[in-house]
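In what follows, a structure is listed as structure tokens, so that the remarks can point back to it.
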Amino acid sequence: MKTILFDLDGTLLPIEQDKFHLFFQDYVKLISKFCAHLVDPELFAQTLRDATITMFRNDGLKTNEEVFMSNFLPALNLKKEEIYPLLESFYLTEFRELKKHTEPSDLSGLIVQEAVDRGWQIVLATNPVFPRIAVDERMNWVNIRDYPWHYISSYEKSRACKPSLIYYKDLVEELGLVPQECWMIGNDRDEDMIAGKLGFKTFLVTDNSIGEGKNSPEPSVEGSMKELLLFMRENL
């Protein structure tokens with residue numbers, strides 16, 4: 001079935017590059033403070049960063065969650081049953097404070113609705129470095145959670161991170177996609193446009209575009225979020 005894959009951060013969830021760095025810095029501070037009764041915040045923060053870097057290097061043999069936790073838990077001398085309930089509580093409460101770094105737009109919902117109205121299957125192809133509960137929360141910030149998403153990436157299910165082609169190949173295989181019949185829409189020339197190597201048609205959202213794209217094909221089309229909506233109405 002024809003499918004549109006949407007990136008989240010910087011695309012459907014508008015956020016400027018400099019603010020994304022602040023987003024991540026505040027995220028590390030908030031979650032480290034939230035877990036301070038279990039682990040020293042500085043140790044927690046550094047371990048979180050290290051485990052995240054390791055996750056970005058995932059070779060596809062394990063899920064991102066498994067790679068992350070195999071580094072994170074031993075370094076902090078914690079067990080899953082000790083930290084998982086605490087992490088869930090964090091994402092349901094404190095995590096929403098980070099919305100202040102984003103710039104939600106009504107265009108996001110209009111674009112997703114346009115895809116649905118035109119009969120496209122929709123997939124949220126966010127970089128799967130967060131648990132599903134955190135992805136859902138960020139989707140809520142732009143009111144797109146309740147659309148009929150066929151698939152939503154998260155670290156529990158994915159076995160690689162963007163820009164690895166393993167990530168996209170897994171989506172193709174799991175969802176039965178024909179790349180030539182699909183669009184990948186995102187703001188990152190490296191992480192999103194690389195899908196063009198597999199035959200995906202690509203749309204680079206330029207409002208908050210990032211990346212040099214040295215290893216990625218040129219986007220099929222590029223333009224602002226407003227231009228994306230117009231393009232969908234006239235061409236899809």
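Throughout, read-outs are computed from the coordinates displayed, never taken from laboratory work. Given the structure is predicted, the values throughout are model-derived calculations rather than measurements. Quick reminder, even Gly has a Cβ in these numbers, built from the backbone with ideal geometry, and neighbours come from all protein chains shown.
Some observations on this one:
- Restricting segment 62-117 to trypsin sites (Lys or Arg not before Pro) in coil, as DSSP defines it, with at most 15 other Cβ within 10 Å: 62, 79
- Using only the C-alpha atoms, the convex hull of the chain corresponds to 115 Å³ per residue.
- Here the spin labels are modelled as points 7 Å beyond Cα on the Cα-Cβ line, and at residue 16 and residue 157 they lie 3.4 nm apart.
- Segment 18-99, relative contact order in percent, only Cα pairs under 8 angstrom and at least six apart counted: 34 percent
- Rounded Å value of the spacing that divides the Cα centres of segment 198-223 and segment 1-68: 23 Å
- Given +1 at the Cβ of Lys and Arg, -1 at the Cβ of Asp and Glu and no other charges, the dipole of segment 1-121 around its Cα centre is 140 debye to the nearest 20.
- Counting only DSSP H runs of at least 4 residues, each contributing -39500 (n - 2.57), and dividing by the residue count of the chain, the helix-based mean residue ellipticity at 222 nm comes to -14000 deg cm²/dmol.
- Percentage relative contact order, segment 194-236, counting C-alpha pairs under 8 Å, at least six apart: 41 percent
- Additional length obtainable on full extension of the chain from residue 88 to residue 175, 0.36 nm per residue less Cα span: 28.5 nm
- Fraction of C-alpha pairs exceeding 17 angstrom in segment 29-134: 64 percent, rounded to a whole number.
- Alpha carbon centroid spacing (whole Å) that separates segment 149-190 from segment 102-126: 16 Å
- FRET efficiency estimate (nearest 0.05) - Cβ-Cβ, residue 66 to residue 218, R0 25 angstrom: 0.10
- Here the Karplus relation 6.51 cos²θ - 1.76 cosθ + 1.60, evaluated at θ = phi - 60°, turns the backbone of segment 118-129 into coupling constants of 8, x, 8, 6, 10, 10, 8, 9, 6, 4, x, 9 Hz, with x for every Gly and Pro.
- C-alpha long axis of helix 80-92 to longest principal axis of the chain, angle in °: 50 degrees
- Estimated from the Cβ-Cβ distance and a Förster radius of 22 angstrom, the FRET efficiency linking residue 105 and residue 26 is about 0.55.
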